[in-house]
1. Testing the spin-label approximation: label points 7 Å from Cα along Cα→Cβ at SER85 and GLN45. State their distance in nm.
2. Pop the C-beta distance of ALA120 and TYR58 into the FRET formula with R0 = 30 Å and round what comes out to the nearest 0.05.
3. Please give me the summed charge of the neighbours of CYS75: other residues whose Cβ is under 14 Å from its Cβ, Lys and Arg +1, Asp and Glu -1.
4. Where the centroid of each part is defined by its Cα atoms, how far is segment 48-65 from segment 102-124 in Å?
5. What does the charge count near LEU121 come to, summing +1 for each Lys or Arg and -1 for each Asp or Glu among other residues with Cβ under 11 Å from its Cβ?
6. If you add up the charges near LEU48, with Lys and Arg at +1 and Asp and Glu at -1, over every other residue whose beta carbon is less than 14 angstrom from its beta carbon, what do you get?
7. Over all distinct alpha-carbon pairs, what is the Kirkwood Rh of the chain in angstrom?
8. Once you have the Cα-Cα distance between LYS33 and MET1, take 0.36 nm times their residue separation minus that, and quote the gain in nm to one decimal.
Amino acid sequence: MPISGSCHCGATKFEIDFAPETATRCNCSFCTKKGALWAYCEPDQFRLTTPIRNAAQYSPTTPENKHYFCPTCGCATFSDNPDYSVFAEGDWEESQARFDPTKRRISINLWVLDDFDIEALPIEHVDGRNQW
């Protein structure tokens, strides 16, 4: 059964095909200013159920990083980024060799999920302020 998410006004809505088991809190400047807790999934586990034109995009660093938010109510909803998770798995040079910028990963702001208890999830901390 899919889990629904939406911005506050409902202009941006989506569904995910999985139940998040952890939440990620990143302390980079983007995530802390957004106040988001993230869950990650493959693109085929995420479905936008409203037109993409209902969401605005912000790309603070490079065009590959697409962070979406509602231009009406301002809620950060999801991001579509390269899968940077390989950089957490080993040394920098090895990770660069395995990195494929065409492989995407969707980040969901857990706070915008409807009827889902994120308070029950363990929180993993990422030191994005010093790692990026």
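1. With each label placed 7 Å out from Cα toward Cβ, I get 0.7 nm.
2. Step by step, r from the Cβ atoms, then E = 0.50.
3. That works out to +2.
4. For segment 48-65 versus segment 102-124, the Cα centre distance is 17 Å.
5. -3
6. Net charge in that neighbourhood comes out at +1.
7. With all distinct Cα pairs of the chain included, I get 15.4 Å.
8. Residue separation times 0.36 nm, minus the Cα-Cα distance, leaves 8.3 nm.
Read-outs throughout are calculated quantities, based only on the coordinates presented, and are distinct from any laboratory measurement. Keep in mind that what you see is a predicted model, and the values were worked out from it rather than measured. Here Cβ is always computed from backbone atoms with ideal geometry, including for glycine, and neighbour counts include all displayed protein chains.
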